[in-house]
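Peer 1: Below is the structure I would like to discuss, written out as structure tokens.
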Amino acid sequence: MQTKMPIRVRPFEHQRNACDAAIDTFYSGRSHGYALLLQMGCGKSLTAIGIAGRLFLDGTIRRVLVVAPLSVLGVWEEEFAKYAGYDYILITLEGSAAKKTEILQNLGCHSTHDPDDAPSLTVAVVNYESAWRLEKEITAWRPDLIIADEAHKIKTHNTAASKAMHRIGAKTTYRLLLTGTIITNKALDVFSQYKFLNPAIFGNSFYTFRNRYFDMTGYGGYTPALKRHMEPELTQRMHSIAFRATKAECLDLPDMTDIVRPVPLEPTAMKLYRALVKDSYAELDRGEVTAANVLTRLLRLSQLTGGFVGDDDGNVQSVSTAKLDMLEDIIDSAMEENRKLVIIARFLPEIAGIRKLLEKRKIKYSCITGDIPDCGEQVRQFQNDPEVMVFVGQIATAGLGITLTAASTMIFYSLDFSMSNFEQARARIHRAGQKEKCTYLYLVAQGTVDAKVFQALRDKADLAKLLVDDYRKGLNPFTWEEKNGPDI
């Protein structure tokens, strides 16, 4: 009998099966830790929200701690709002250490339920860096379930963050580990993640684990190599408390999945953005309101949400790294899964920032912009060279006549206003030769025109006409209320 997932949408079969497997593992007593090894686009967070809800409605848990990379904390708030089919209170721990401690202590006050009251699941969301710095306070809060999102962040067993997660996990009843794949290019990473999840699987001693499963090779004997005859045992133990699914295996997934990643701009950037919105609206009042005028002013706002502004002399200044920070975490996850990515952006300063990030991370990439002459060679390298993991393209020049099916995930760092460019760019990975379902991620700066542009493209609407119509109705065409945000 399948477990009922208390979520607001109909789950896919692999999500129901993963929920069943986790709940059965927990309730049978086989393990109080479970791993969801679901590739990007398969719905790890939705499945975890369903599992948490089932445990809560069964009266098993009351408090959940979600630990995630800093740049994706806001995703959990959005995902709970979209999917949770039960009452909950969710707070993201932000601000100074003292402020986070105060929030956590106050959140505890809401978690002592009177049997006569309608209970709510209490959820605290925090980043990995803060989790280890707040270890004492988190332990005192006593979460019943910890969800470790993008758990490759604790793959190194002797970092402060990993050690804190091991200790916090040991004092928590249930633990969920979310990652695209636990086996990366370094199978040694399994140890730390499973020490958090269930130390009974691989033990508490890193060196005992290493000596059992690995030979130390290379100059000086510092390079671990998995013993071939031990690989079946390692895999069996790992999968004994895990549910694994790739996009290729999830036959019920749609051919194309859109995922919006909301990006909160820094306070200074948001202040600058609002001032530019005010100036842009005032400029419309002083002149003729045409589609060209509205789109020209929208262009300046879109540049800012990507992190850069330019002056009349052509000088470009960086004003935000919010999108780059989120992109870095997405790239990090994809590299852990050994999966290629296509990144599409509109403006050259954005592409320069993305390239600098990849070079800092020593990730090989191909790139096409209007300034790069040999496009064919760039595409050939991405399609055929296993070491070239990322393709970076300018939407106006990389959307026509090229095939990028070596990747099944495309990230839109920014969008232009052309429906044709949008559809052509999407088609680069979703075309003949593609063997997997395609996932599209959109980095949308919260409370900005990003959402308006995305929704117009998604709905195949005339963006310029919509903006002009807004103005003629007495509305500011450059504002966007979060409550009206895109719902994918």
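The values are calculated or read from the model by the stated rules, or taken from the named source; none is laboratory data. All values derive from a computational prediction rather than experimental measurement. We place every Cβ from the backbone using ideal geometry, glycine too, and count neighbours over all the protein chains shown. Just the protein is used for accessible areas: all its heavy atoms, side chains included, with ligands, DNA and RNA removed. Shrake-Rupley method; radii C 1.70, N 1.55, O 1.52, S 1.80 Å.
Peer 1: With a 1.4 Å probe and all protein chains kept in place, how much accessible area does Leu475 have, in Å² rounded to the nearest 10?
Peer 2: Result for Leu475: roughly 90 Å² accessible.
Peer 1: GluC sites (Glu not before Pro) within segment 262-359: which are DSSP loop residues with at most 11 other Cβ atoms inside 10 Å?
Peer 2: For GluC sites (Glu not before Pro) across segment 262-359 that sit outside H, G, I, E and B with at most 11 neighbouring Cβ atoms in 10 Å, the list reads Glu288.
Peer 1: How high is the relative contact order of segment 370-439, given as a whole-number percent (alpha carbon pairs under 8 Å, six or more residues apart)?
Peer 2: Reported relative contact order: 32 percent.
Peer 1: By its C-alpha gyration tensor, with a ≥ b ≥ c as the square roots of the eigenvalues, how is segment 332-451 shaped: rounded for a/c under 1.5, else prolate for a/b larger than b/c, else oblate? Intermediate results must be reported in sequence, preceding the final value.
Peer 2: On the way: a/c = 1.27, a/b = 1.19, b/c = 1.07.
The shape class here is rounded.
Peer 1: While we're looking at this one, here's another question. In nanometres, what is the gap between the two model label sites at Glu249 and Ala200, each 7 Å from Cα along Cα-to-Cβ?
Peer 2: Between Glu249 and Ala200, the simple spin-label model gives 2.4 nm.
Peer 1: Right, next: Report the gain in length on full extension from Thr268 to Glu288: 0.36 nm times residue separation, minus Cα-Cα distance, nm rounded to one decimal.
Peer 2: This chain segment gains 4.1 nm when fully extended.
Peer 1: Under 8 Å for C-alpha pairs, at least 6 residues apart: give me the relative contact order for the chain, rounded to a whole percent.
Peer 2: On the way: 825 pairs, mean separation 70.0, N = 488.
That works out to 14 percent.
Peer 1: Show Arg361, Arg142, Arg54, Arg428 ordered by accessible area, largest first, where the area counts protein heavy atoms only and the probe is 1.4 Å.
Peer 2: Arg142, Arg361, Arg54, Arg428
Peer 1: Normalised radius of gyration for segment 5-124, please: alpha carbon Rg relative to 2.2 N^0.38 Å, two decimal places.
Peer 2: It is 1.10.
Peer 1: Heavy atoms only, probe 1.4 angstrom, no DNA, RNA or ligands counted: give me Tyr194, Tyr219, Tyr471, Tyr27 ranked by accessible area, highest first.
Peer 2: Sorted descending by solvent-accessible area, the residues read Tyr219, Tyr27, Tyr471, Tyr194.
Peer 1: Can you give the Kirkwood hydrodynamic radius for the chain, in Å, rounded to one decimal and based on Cα pairs?
Peer 2: Here the Kirkwood hydrodynamic radius works out to 24.1 Å.
Peer 1: Just the number, please: Stokes-Einstein D of segment 41-194 in µm²/s, Kirkwood Rh from C-alpha pairs, 37 °C, 0.692 mPa s.
Peer 2: Details: Rh = 15.8 Å.
The estimated diffusion coefficient comes to 208 µm²/s.
Peer 1: Moving on to the next point. Tell me the accessible surface of Val75 in square angstrom (1.4 angstrom probe, heavy atoms of protein chains only), to the nearest ten.
Peer 2: Around 20 Å² of this residue is reachable by solvent.
Peer 1: Oh, and also: Which net charge results when you count Lys and Arg as +1 and Asp and Glu as -1 among the other residues whose beta-carbon is under 10 Å from that of Ile429?
Peer 2: +3
Peer 1: Accessible area per residue of the chain at 1.4 Å probe, in Å²?
Peer 2: Working: 22010 Å² over 488 residues.
Here the per-residue accessible area is 45 Å².
Peer 1: Between segment 209-284 and segment 30-44, what is the C-alpha centre distance in whole Å?
Peer 2: Going from one Cα centre to the other spans 12 Å.
Peer 1: With contacts defined as alpha carbon pairs under 8 Å and 6 or more residues apart, what's the relative contact order of segment 215-335 in percent? Show your work: numbers first, answer last.
Peer 2: On the way: 56 pairs, mean separation 21.1, N = 121.
Dividing the mean separation by the residue count of segment 215-335 yields 17 percent.
Peer 1: Moving on to the next point. At a 1.4 Å probe, what is the % contribution of carbon and sulfur to the accessible area of the chain?
Peer 2: 49 percent
Peer 1: Also: Would you kindly calculate the mean projected area, averaged across all directions, of the convex hull enclosing the Cα atoms of segment 184-331, in square nanometres? Spell out each step's value before the answer.
Peer 2: Numbers: hull surface 66.8 nm².
Over every viewing direction, the Cα hull of segment 184-331 projects on average to 16.7 nm².
Peer 1: Let me ask you something else. Could you sort Trp480, Trp141 by their accessible area in this structure, using a 1.4 Å probe and putting the largest first? Don't skip to the end; give the middle numbers.
Peer 2: Working: Trp480 45, Trp141 10 Å².
The most accessible residue leads, giving Trp480, Trp141.
Peer 1: Write down the radius of gyration of segment 341-412 and its Dmax, each obtained from C-alpha positions, in Å.
Peer 2: My reading of the Cα-based Rg and Dmax gives 11.0, 30 Å.
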